[in-house]
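Participant: There's a structure below that I have some questions on.
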């Protein structure tokens, strides 16, 4: 198995319970990344559901987990002819850590869009983007980037050299270091793999996700993913972040919206 497959592996134990091992290297500042945790839970959902793809997912992050063993408990809320709805809860030391609800269905790699809105702002070509580094200027270690090859658009990278752009925006391209090709589980990681948009305001540091909604819009083609992040508002220690993920063919394959906390000065 690949690095990503191993790090998100689940083992069925019966009655909707799945044993997992949280890999602490998929982390930001020592805390496992929210997108990585989402991918873990969706592995259990996919194993439990009669439908293969989670098309709409909402996750609430209740507490930061520790690296090590845990369990995902999956229950069926509805089973229909073409869709199913399941609830998955990541539990560690008898404490709920992430609570997720997913509607599953079947996506077709060969389908074409009937209508699509205007594309977002262009991202610089990969060879003009800057490889992300594992240690941020404030000393935060991003272990996630030991696994993810992330190239950031220079126009959204001024914060790294102390010249933030003054807007909630982040753009870049990513792929997995281990060669794993994009699939719905990689998309679950990709929407939360870039630096938080508040870095564009010069607000560095841990920005924990509180709620994350993911829509999987298609099965991605092999190759690089391109991610656009935009935010609308920072207030009372909270900020929002919308993501769009495009595959190597230029197709929109995932969207997300999250609410996160920001360190209040």
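We did not get these values from a lab; they are worked out from the coordinates using the rules stated. Only a predicted model underlies this, so the values are computations on that prediction, with no experimental measurement involved. Methodologically, a virtual Cβ is constructed for each residue, glycine included, from the backbone with ideal geometry; neighbour enumeration extends over all protein chains shown.
Participant: Among the residues of region 175-183, are any within 15 Å of residue 26 (Cβ to Cβ), in contact with a helix residue (DSSP H, G or I) (Cβ under 6 Å, 6 or more places away or on another chain) and part of a strand (DSSP E or B)?
Facilitator: yes
Participant: Taking the conditions exactly as written (touching a helix residue (DSSP H, G or I) at 6+ places or on another chain (Cβ under 7 Å), over 18 Å from residue 261 (Cβ atoms), part of a loop (DSSP other than H, G, I, E, B) and touching a residue at least 24 places away in the same chain (Cβ under 8 Å)), does residue 218 satisfy them or not?
Facilitator: When the stated conditions are applied, residue 218 does not pass them.
Participant: Hey, residue 59 hits all of (1) crowded, with 24+ Cβ neighbours inside 10 Å; (2) in contact with a helix residue (DSSP H, G or I) (Cβ under 7 Å, 6 or more places away or on another chain); (3) outside any strand (DSSP E or B) but one; which does it fall short on?
Facilitator: Only one criterion in (1) crowded, with 24+ Cβ neighbours inside 10 Å; (2) in contact with a helix residue (DSSP H, G or I) (Cβ under 7 Å, 6 or more places away or on another chain); (3) outside any strand (DSSP E or B) is unmet by residue 59, namely (3).
Participant: Just for region 100-128: of the residues that are loosely packed, with under 10 Cβ neighbours inside 10 Å and without any contact (Cβ under 8 Å) to a residue 12 or more places away in the chain, which one is farthest from residue 42 (Cα to Cα)?
Facilitator: 127
Participant: Residues in region 4-15: is at least one part of a loop (DSSP other than H, G, I, E, B), without any contact (Cβ under 8 Å) to a residue 60 or more places away in the chain, touching a strand residue (DSSP E or B) at 6+ places or on another chain (Cβ under 8 Å) and farther than 25 Å from residue 133 by Cβ?
Facilitator: Within region 4-15 (the criterion being part of a loop (DSSP other than H, G, I, E, B), without any contact (Cβ under 8 Å) to a residue 60 or more places away in the chain, touching a strand residue (DSSP E or B) at 6+ places or on another chain (Cβ under 8 Å) and farther than 25 Å from residue 133 by Cβ), the answer is yes, since at least one residue qualifies.
Participant: Next question. Just to be sure, is residue 90 under 26 Å from residue 44 (Cβ atoms), outside any loop (DSSP other than H, G, I, E, B) and free of Cβ contacts under 8 Å to residues at least 24 places away in the same chain?
Facilitator: No; evaluated as a whole, the condition is false for this residue.
Participant: Taking residue 71 as meeting all but one of (1) touching a helix residue (DSSP H, G or I) at 6+ places or on another chain (Cβ under 7 Å); (2) assigned to a strand (DSSP E or B), write down the number of the exception.
Facilitator: Going through (1) touching a helix residue (DSSP H, G or I) at 6+ places or on another chain (Cβ under 7 Å); (2) assigned to a strand (DSSP E or B) one by one, residue 71 breaks only (1).
Participant: So which of 133, 142, 148 is over 24 Å from residue 216 (Cβ atoms), touching a helix residue (DSSP H, G or I) at 6+ places or on another chain (Cβ under 8 Å), surrounded by 10 or more Cβ atoms within 10 Å (Cβ to Cβ) and touching a residue at least 12 places away in the same chain (Cβ under 8 Å)?
Facilitator: Checking each option against the conditions leaves just 133.
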